[in-house]
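The values are calculated or read from the model by the stated rules, or taken from the named source; none is laboratory data. Computed from a prediction, not measured in an experiment: that's the story for all the values here. All Cβ positions, even for glycine, are placed from backbone atoms using ideal geometry, and neighbour counts span all protein chains on display. Just the protein is used for accessible areas: all its heavy atoms, side chains included, with ligands, DNA and RNA removed. Shrake-Rupley method; radii C 1.70, N 1.55, O 1.52, S 1.80 Å.
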Amino acid sequence: MQKKLTVTTIRKRKGDTPLVMITAYDALFARLFDPVADIILVGDSLNMTFAGRNDTLSATLEQMIYHTNAVCAGAPGTFVICDMPFGTYTAPEQALTNAVRVYRETPADAVKIEGGREKAAIVARLVSEGVAVCGHIGLLPQAVRGEGGYKVKGRDEENALSLIEDARAVEDAGAFCLVVEGVKADVAKRIAEAVSIPVVGIGAGNAVDGQVLVFADMLGLYEPFVPKFVKQYMNGAEAVKAAVEAYRKEVTERTFPAPEHTY
Ligand code: KIV
């Protein structure tokens, strides 16, 4: 079994074997991912997949802390990042208070915050107090209402240069890693080349330093919509429905429980 990664060993993966990041929200799935993932992200996407809401914006810090504790319990051998939810890092001191809560109330290894140069002062404040910060630029799910939808970024040169500037600002502020979401692959490649911290992509092509997917997407469990960048490694929804249908049939036909399931 590989040793648990640290911010130092994650930084060293720049340009090396791609980092494997996956989301998890509970100990059940975290235990399954623990032997294979480099990093588990307790993403605020849990507000959509776990809580059934339309976007991530109503996730609370309390919820993130609850789920982070569950994930850490299930995956003691994996580096765990807790997403800071919408509205919890609007100013440096408020962000620090909330990140300190994450560190005090969970064993999370790092926090993630969305935003580029406009969030650099916040990243710097957290890092100055010893908080490990993963940045997140490109398509920002927490900006979905403000932007009127999920918009792929890097479609023109002006935006490409702006994203590269964002990446550099987040790196200069002290982030150890950067998630780049929903960005044209050639631009994501330029971002990865522009910074010396690992860039983990989601919908950003494969010329970056790692990939992250929402587990419910890659296991085919989340049915409301499947983004273009998602590869479903199994049809989880169909497998679960078939299993529950088989259970229903056997219960109604009285073939379950069979003698071997009976005391
Ligand atoms: O919340 C989340 O799961 C994320 C990933 C999409 C990177 O931020």
| query | Under a Cβ-Cβ cut-off of 14 Å, what is the net charge of the residues other than GLY203 that fall near it, where Lys and Arg count +1 and Asp and Glu count -1? | reply | +4
| said: If I take every Cα pair under 8 Å that is 6 or more residues apart in the chain, average their sequence separation and divide by the length, what percent do I get for the relative contact order? | reply: 17 percent
| Just by accessible area at a 1.4 angstrom probe, what is the order of TYR247, TYR222, TYR103, TYR89 from largest to smallest? | TYR247, TYR103, TYR222, TYR89
| In Å², nearest 10: area of ARG248 left accessible to a 1.4 Å probe | 120 Å²
| note | The extension gain from GLU62 to ARG248, computed as 0.36 nm times the residue separation minus the Cα-Cα distance, is 63.3 nm
| request: Find the accessible area per residue for the chain; the probe is 1.4 Å, ligands and nucleic acids are left out, and the unit is Å². | output: 49 Å²
| request: Express as a percent, rounded to the nearest 5, the fraction of DSSP beta bridges in the chain (both residues included) that run antiparallel. | output: 5 percent
| remark: Cα-based Debye curve of the chain sampled at q = 0.08, 0.14, 0.17 Å⁻¹ gives log₁₀ I(q)/I(0) of -0.33, -0.93, -1.37
| request: Multiply the residue gap between ASP156 and ALA51 by 0.36 nm, knock off their C-alpha separation, and tell me the result in nm, one decimal place. | output: 34.2 nm
| Mean residue ellipticity at 222 nm from the helices of the chain, using -39,500 (n - 2.57) per DSSP H segment of n ≥ 4 over the full residue count, to the nearest 500 deg cm²/dmol? | -11500 deg cm²/dmol
